[in-house]
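**Q** One structure coming up, written as structure tokens, with questions to follow.
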Amino acid sequence: MPTHPIASYTKSTRLFALYQCLPRSEADAMSLTEIMVAYGDNSDNFANERKNLENDLIGLNQMFNDIFYSDALVRVPAWAKNISGQTARFYIEPSFSIDIINEQTVFFWEMLDKYTANYLPTSFKQSITDKLAQLRRQDKDNFHQSKLGQWQNYLITLPSIVQAPKLDNDVLGSIHQALLQNHQLRIIYQKKWAGKSAVRMVYPKGLIFIDNMMYLTGFNPTDDHIDNDVLLKKHRNFAVNRITEAIVIDKLVPDWVGRDTFSLEYLRKLGRLEKTDDTQIKLVLKVQRFACQHLYERPLSQDQQITMIDDTWNQVSATVANTKRLQDWLVSMSQLAMVVEPSELKAVILERLKSALALYEN
């Protein structure tokens, strides 16, 4: 709130101060009388200052339209409507910002919009799209004339076969708050195959993104212990789309949860962030040569090696995590690849392929 009455400033300063003091939601919209509390307190000149306030609001609205291409200053009833006999109320659209726009900002949001299209839930994706639309409105002419503005005509995103699940914005908000404030979280969770939900207390640690799924990772409540392996037994992952309610508890997460041993990166290396049979395996595959091209482009690991067997087959070796996703990928390769080592994984893939074949034979 300005230190002195807004009416005492020059017009440009008045408009900026007015922008600062206006509420950011329709529920908090203010009438002229309420805005006058901050705008002017000179009782001898009240009528003139009130008229100046009306003109400043009109000027601020016009400025937003001309410079930012935005109807950010909202009047209820709307600006075009007659307000005779009604009390007009004003507020700033909560999504509006006068942030500086540059090519780097546009580039970031453009890439985020395209790259995450098949991986983020619809609500997240929509917020990115809305932000990009706002950026374009705010700097419309410069954006369309720039190289970055022109390249949008050469980009397209194809839909994913399996869409991202729906997420509850209130649940996400509570998770976000609990993580940033280091507080405990009470959730109502629907297990994948269970018939009913259960109330769980969680010491939240972070969020995991796997393909188009999002998981909350954390620990079940327990007392501190000198043996980290004992505490690791309390580690759990929860699919966020199956959390129907999340409430932040006014209790801090215990200090042991913040140990380096339980960092997200370390938990990943331990294979705790997704289903893993063994932390690391030496995978050896026999892959048809024409199907091997994408492994040159997107290798399985940094130590991947590809050698030629004959005109039809290549051998691929790589150190990888033996996850469920790896098994799914190997099954999807079907007749194009065969597991050579390890023998345990080969047996798993063979059994899955036999089960699939049996479905078609019947």
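The values are calculated or read from the model by the stated rules, or taken from the named source; none is laboratory data. Not measured: the values here are computed from a predicted model. Virtual Cβ from ideal backbone geometry, glycine too; neighbours counted across all protein chains shown. Ligands, DNA and RNA are stripped out before the accessible areas are found, and what is left, the full protein with its side chains, is counted by its heavy atoms. Shrake-Rupley method; radii C 1.70, N 1.55, O 1.52, S 1.80 Å.
**Q** Among the numbered criteria (1) more than 24 Å from K324 (Cα to Cα); (2) open to solvent by less than 80 Å² (accessible area, probe 1.4 Å); (3) among the hydrophobic types (A, V, I, L, M, F, W, C), which single criterion is violated by A291?
**A** Of (1) more than 24 Å from K324 (Cα to Cα); (2) open to solvent by less than 80 Å² (accessible area, probe 1.4 Å); (3) among the hydrophobic types (A, V, I, L, M, F, W, C), only one is false for A291: (1).
**Q** Follow-up. Do we find that V253 is farther than 21 Å from I349 by Cα, surrounded by 15 or more Cβ atoms within 10 Å (Cβ to Cβ) and in contact with a helix residue (DSSP H, G or I) (Cβ under 6 Å, 6 or more places away or on another chain) in this structure? Reasoning before the result, please.
**A** Numbers: farther than 21 Å from I349 by Cα: yes; surrounded by 15 or more Cβ atoms within 10 Å (Cβ to Cβ): yes; in contact with a helix residue (DSSP H, G or I) (Cβ under 6 Å, 6 or more places away or on another chain): no.
So V253 fails the test.
**Q** Okay, next question. Residue under question is N52, and the condition is that it be over 26 Å from L132 (Cα atoms), surrounded by 15 or more Cβ atoms within 10 Å (Cβ to Cβ) and among the polar types (S, T, N, Q); does it hold?
**A** Details: over 26 Å from L132 (Cα atoms): yes; surrounded by 15 or more Cβ atoms within 10 Å (Cβ to Cβ): yes; among the polar types (S, T, N, Q): yes.
Taking the combined requirement at face value, the residue satisfies it.
**Q** Go through the stretch 256-362 and tell me which helices (runs of 4 or more DSSP H), entirely inside it, have 3 or more residues that are hydroxyl-bearing (S, T, Y).
**A** Numbers: elements: 264-269, 293-297, 324-333, 343-361.
Counting at least 3 such residues, we get 343-361.
**Q** Counting only residues that are closer than 21 Å to K269 by Cβ and open to solvent by 40 Å² or more (accessible area, probe 1.4 Å), how many does the stretch 299-320 have?
**A** Residues that pass the stated criteria total 5.
**Q** So, one more: Considering only the stretch 11-38, state which residues are part of a helix (DSSP H, G or I), closer than 23 Å to G85 by Cα and either open to solvent by less than 90 Å² (accessible area, probe 1.4 Å) or of a type in the set (K, R) (or both).
**A** Step one: filter the stretch 11-38 for residues part of a helix (DSSP H, G or I), giving 11-21, 26-28, 32-38.
Still in the running and closer than 23 Å to G85 by Cα: 26-28, 32-37.
Across the stretch 11-38, the qualifying residues are L32, T33, E34, I35, M36.
**Q** Scan the stretch 155-164 and give yes if some residue there is over 22 Å from the mean Cα position of the chain (by Cα) and without any contact (Cβ under 8 Å) to a residue 12 or more places away in the chain, otherwise no.
**A** Kept after step one, since they are over 22 Å from the mean Cα position of the chain (by Cα), are these residues of the stretch 155-164: none.
No, the stretch 155-164 contains no residue that is over 22 Å from the mean Cα position of the chain (by Cα) and without any contact (Cβ under 8 Å) to a residue 12 or more places away in the chain.
**Q** Specify the residue that is nearest to D223 (Cα to Cα); the eligible residues are those in the stretch 188-206 that are out of contact with any helix residue (DSSP H, G or I) (no Cβ under 9 Å at 6 or more places or on another chain) and part of a strand (DSSP E or B). Before the answer, list the steps.
**A** So in the stretch 188-206, the residues out of contact with any helix residue (DSSP H, G or I) (no Cβ under 9 Å at 6 or more places or on another chain) come out as 188, 193-196, 198-201.
When the remaining residues are screened for being part of a strand (DSSP E or B), the result is 188, 198-201.
Numbers: I188: 22, A198: 22, V199: 19, R200: 16, M201: 14 Å.
Looking at residues that are out of contact with any helix residue (DSSP H, G or I) (no Cβ under 9 Å at 6 or more places or on another chain) and part of a strand (DSSP E or B), I get M201.
**Q** Being polar (S, T, N, Q), outside any loop (DSSP other than H, G, I, E, B) and surrounded by fewer than 18 Cβ atoms within 10 Å (Cβ to Cβ): is that true of Q184 here?
**A** On the way: polar (S, T, N, Q): yes; outside any loop (DSSP other than H, G, I, E, B): yes; surrounded by fewer than 18 Cβ atoms within 10 Å (Cβ to Cβ): no.
So Q184 fails the test.
**Q** Of the residues L285, L267, only one is over 25 Å from H183 (Cβ atoms) and in contact with a strand residue (DSSP E or B) (Cβ under 8 Å, 6 or more places away or on another chain); which? Even if it seems obvious, please write down each step before you answer.
**A** Numbers: L267 fails: over 25 Å from H183 (Cβ atoms).
When all the criteria are applied, what remains is L285.
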